[in-house]
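To start, the structure under review is shown below, and the notes come after it.
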């Protein structure tokens, strides 16, 4: 009798395998099939800029929308925007320079949601921020030989300065044939506390006929740090009868809020300087670019 059952066992197994293959294991056991796990979006990149981070990623196959979340250090993720349809980029604007932002991106495919792709970046990293953000030019003059510019008092955080710049004046309509600023100008930073020029704080900007009326910047030999709560002069060398510059009593500027005061300053470039008393009125004008910490 036992030999008979042994002979039937292979036949019964074949019948079971055939039944499972015909109806499906899920149907036979009354189970729903589990959809395959989708991979996370790929090539999710966060590129920092000045007060912004540009996000981008690869298109996801059959995607219906994306969910994008953001958080700061030590905080929980919050949805950054309404589900994005099929875009593959998003500009996150009006951020705070120096802060690190973390992002989570998920793709919605039908009723499925993918695992999150992660990216992060520090705003302003590697980006130079111009100190002077706007100017209202005043009276032209070219009757002074020496150094002119601005005296600044740095705020609560140090500044990592990478470049110095001077505004190029366009042709003067009162002078026939004038081409505007066309000469090279030495620029430097004077450290008031040390009563000396700042090490690696000098450069030169060359103007050419046809350059637009705008700030032109030149890199310093190395990045210099202006100490918090420190006083410095950012100054340009001028020669009487050569390139014009704007006078201080009526040349106003707007600046990034990284200093507490900005006054006009002029002097011999050595140790004798005269500092004005009207905040945001300067000579030149001059400026610099700094890297957010």
Let a ≥ b ≥ c be the square roots of the eigenvalues of the Cα gyration tensor of region 213-293; is it rounded (a/c under 1.5), or, if not, prolate (a/b larger than b/c) or oblate? rounded
Sorted from fewest to most neighbouring beta carbons within 10 Å, what does the list 71, 183 look like? 183, 71
Among (i) 24.0; (ii) 20.1; (iii) 19.6, the entry matching Kirkwood radius over Cα pairs in Å as calculated here is (i)
In whole angstrom, how far apart do the alpha carbon centroids of region 164-232 and region 234-289 sit? 10 Å
Based only on other Cβ atoms within 10 Å, what is the fewest-to-most ordering of 239, 161? 239, 161
In µm²/s, what is D for region 163-277 at 4 °C and 1.567 mPa s, where D = kT/(6 pi eta Rh) by Stokes-Einstein and Rh is the Kirkwood radius from Cα pairs? 83 µm²/s
So for each of 194-204, 101-111, 80-90 I average, over its residues, the number of other beta carbons within 10 Å; can you give me the resulting order with the highest mean first? 101-111, 194-204, 80-90
Length gain on complete extension for the stretch residue 160 to residue 242, per 0.36 nm per residue less the alpha carbon to alpha carbon distance? 26.3 nm
Given 5 Å bins starting at zero, what is the percent of C-alpha pairs of region 69-207 in each, up to the one with the largest pair distance? 2, 6, 11, 14, 12, 10, 9, 8, 8, 7, 6, 4, 2, 1, 0, 0
Determine the shape class of region 91-153: with a ≥ b ≥ c the square roots of the Cα gyration tensor eigenvalues, call it rounded for a/c under 1.5, and otherwise prolate if a/b is greater than b/c, oblate otherwise. prolate
Is any residue of region 117-140 close enough, with backbone N under 16 Å, to a label point placed 7 angstrom from the Cα of residue 45 along the Cα-Cβ axis, and if so, which? 118-122
Quick shape check on region 157-198: root eigenvalues a ≥ b ≥ c of the Cα gyration tensor, a/c under 1.5 is rounded, otherwise prolate if a/b tops b/c, else oblate, and it reads prolate
Approximate spin-label separation residue 174-residue 274, in nm, with each point projected 7 Å along Cα-to-Cβ: 2.0 nm
Placing each pseudo-label 7 Å from Cα in the direction of the beta carbon, residue 194 and residue 227 end up separated by a distance in nanometres of 1.0 nm
For Cα pairs less than 8 Å apart in space and 6+ apart in sequence, what is the mean separation divided by the residue count of the chain, i.e. the relative contact order in percent? 21 percent
For the Cα atoms of the chain, what angle does the longest principal axis make with the long axis of helix 2-23, in degrees from 0 to 90, nearest 10? 40 degrees
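Read the figures in this text as sums done on the coordinates, not as results from a lab. All of these numbers come straight from a predicted model, not from anything done at the bench. Positions of Cβ are backbone-derived with ideal geometry, glycine not excepted, and every protein chain shown enters the neighbour counts.
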